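Everything below concerns the one structure shown next.
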Amino acid sequence: MKILVIHGPNLDLLGEREIDIYGKFTLEEINSALQKLGKELNVAVEAVQLSGEGEICKQIGSARQTYNAIIINPAAYTHYSVAIRDAVAACQLPVVEVHLSNIYAREEFRHKSVIAAVAAGQISGFGINSYLLALRAAVGLIGQKSA
Ligand code: DQA
């Protein structure tokens, strides 16, 4: 079992970016925590950080050849990218949407996710734990699919 984690734009700046909102941990620390939990759950985890909308769509579009599920933090694209929404809808894999912050407790423009309706589910507001919860959810979804 192999799970793809896609981190969207500006998440490479974690650790120095708006620490009061996103916390002090870096993207590397998130990826290490995912690797560690992946080992415990017996799944391989591969993480990429992509800033461009087109690159994200391409990655989602080709994921089915290699991966069993996708975890994605689309970052700002969450709120307006119909292209990423369409890629998720087309990819035929379970997709879990993740946010570090609680997008519903922030500015109004962040309350809307155009991705959520085509994802299996969304986890928002638990910091680094959002990703770890998402990994558990993705593993559960793969289990349901292959059962
Ligand atoms: C985010 C929330 C988005 O609104 C924001 O644009 C991000 C990060 C989060 O993880 O909380 O870049 O997706």
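The values are calculated or read from the model by the stated rules, or taken from the named source; none is laboratory data. Note that the coordinates shown come from a computational prediction; the quantities given were computed from them, not determined experimentally. Note: ideal-geometry Cβ built from the backbone for every residue, glycine included; neighbour counts use all protein chains shown. Quick note on the areas: whole protein, heavy atoms, side chains included, nothing else; ligands and nucleic acids left out. Shrake-Rupley method; radii C 1.70, N 1.55, O 1.52, S 1.80 Å.
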Which residue is nearest to the ligand (Cβ to nearest atom), if the candidates are limited to the stretch 101-112 and must be open to solvent by 50 Å² or more (accessible area, probe 1.4 Å) and in contact with a Gly (Cβ under 9 Å, 6 or more places away or on another chain)? N102
Modelled with pLDDT of 95 or more, more than 15 Å from the ligand (Cβ to nearest atom) and surrounded by fewer than 14 Cβ atoms within 10 Å (Cβ to Cβ) - does that describe any residue in the stretch 113-120? yes
Would a scan of the stretch 131-146 turn up a residue that is open to solvent by 60 Å² or more (accessible area, probe 1.4 Å), closer than 26 Å to K24 by Cα and more than 16 Å from the ligand (Cβ to nearest atom)? yes
Scan the stretch 5-43 for residues that are touching a residue at least 40 places away in the same chain (Cβ under 8 Å) and assigned to a helix (DSSP H, G or I) and jot them down. L11, I21, Y22, E29, I30, A33, L34, L37, G38, L41
